[in-house]
Amino acid sequence: MNDKLRIAVCQLRTELDGAETMKKAASFVRRSAEGGADFAVLPEMFSCPYSGRYFRRFAAEGHEKTVAAMSSWAKENGVYLIGGSVPETEEGRLFNTCFVFDRAGKQIAKHRKVHLFDVDIPGMRFRESATFSPGEEITVFDTEFGKMGAAICFDVRFPELFRAMAARGAKVVFLPAQFNMATGPAHWSETLKIRAVDNEIFFVGASAARYEGFDYECWGHSVVYDPFGIALAAADETEQIIFADIDLGRVDEVRAQLPTFLHLRRDVYTVAE
């Protein structure tokens, strides 16, 4: 099994014109592959403006066409694709869903956002649960490099989910996200870093780029942390691709040096496996 891989985080801005966004996303994935990436990662709701007034309209167009496009991007470029998230419909219910594809374009995982973004903080009120239904699964999948995990945005505030992923063998976790201009500066980098440190894993935060003046302004600042909490790559708020070279041997190295993950007290508390 190869321990060395390159990850490209595609921090793109979602446009109101869906066709324009899809064309841009295809270009970002292609450029990721041209830069030597094994994995290309898109942001949360990359294909749909992140606003309650757009979710159902974009969902009505169906997720199948977007899923087919992502599959083709993965196959054409020979990369694993962590497909950010899209509005997925099933039996009248709407989910915020991340589809994952292997190098041949085969779907190998699907994560439905488990924790929905319902907040009422100064300057912002948002109820994702008014539109979406929550997912029910912890998402860990196999790759040629070993096991990895996926979650979406608000999921990151619930450490149990990531402990369970790590306990199931995930050494890299991908988090498509759109933290806002209040929670982003306050919590984004710190929360991702501590999830990496808690579990001694690589943590990939893939944010959308900021869309100034839009209903919901995203913080941006995509980042990749190693198991010791060191930032391997980081973005500002603008559209760009960041690359991170990862050696999965670093997970075992850090766990040997600072064996917090290896010393879980399973006789005192339960960790899902």
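When the residues of region 245-271 are narrowed to those that are acidic (Asp, Glu) and assigned to a helix (DSSP H, G or I), which ends up nearest to Met148 (Cα to Cα)?
Narrowing region 245-271 to residues acidic (Asp, Glu): 245, 247, 252-253, 267.
In the following step, the residues that additionally are assigned to a helix (DSSP H, G or I) were identified as 252-253.
Values: Asp252: 15, Glu253: 18 Å.
Result: Asp252.
Looking only at residues that are of a type in the set (S, T, N, Q) and over 17 Å from Ala233 (Cβ atoms) in region 171-208, which one is surrounded by the fewest Cβ atoms within 10 Å (Cβ to Cβ)? Don't jump to the end; show me each part of the working.
To start, the set of residues in region 171-208 that are of a type in the set (S, T, N, Q) comprises 178, 180, 183, 189, 191, 199, 207.
Among the residues that remain, those that are also over 17 Å from Ala233 (Cβ atoms) are: 178, 180, 183, 191, 199.
Working: Gln178: 28, Asn180: 19, Thr183: 17, Thr191: 19, Asn199: 25.
In this case the residue turns out to be Thr183.
Scanning region 127-146 for residues that are β-branched (Val, Ile, Thr) and modelled with pLDDT of 95 or more turns up Ile138, Thr139, Val140, Thr143. Based on what the data block shows, is Phe228 surrounded by fewer than 21 Cβ atoms within 10 Å (Cβ to Cβ) and part of a strand (DSSP E or B)? For Phe228, the condition - surrounded by fewer than 21 Cβ atoms within 10 Å (Cβ to Cβ) and part of a strand (DSSP E or B) - is not met. Return the pairs, sorted by first residue and then second, in which the second residue is modelled with pLDDT of 90 or more and surrounded by fewer than 17 Cβ atoms within 10 Å (Cβ to Cβ), the first residue lies in region 43-70 and is over 30 Å from Arg103 (Cβ atoms) and hydroxyl-bearing (Ser, Thr, Tyr), the beta carbons are less than 9 Å apart, and the residues are 6+ apart or on different chains. What qualifies is Tyr54/Leu16. Checked against (1) outside any strand (DSSP E or B); (2) under 23 Å from Ile121 (Cα atoms), Met165 passes all but condition (2). In this structure, does Thr89 turn out to be surrounded by fewer than 18 Cβ atoms within 10 Å (Cβ to Cβ), assigned to a strand (DSSP E or B) and either free of Cβ contacts under 8 Å to residues at least 60 places away in the same chain or on the phi > 0 side of the Ramachandran plot (or both)? It is true that Thr89 is surrounded by fewer than 18 Cβ atoms within 10 Å (Cβ to Cβ), assigned to a strand (DSSP E or B) and either free of Cβ contacts under 8 Å to residues at least 60 places away in the same chain or on the phi > 0 side of the Ramachandran plot (or both).
The values are calculated or read from the model by the stated rules, or taken from the named source; none is laboratory data. Since the structure is predicted, the reported quantities are computational estimates derived from the model, not experimental observations. FYI the Cβ positions are ideal-geometry reconstructions off the backbone, even for glycines, and counts take in every protein chain you see.
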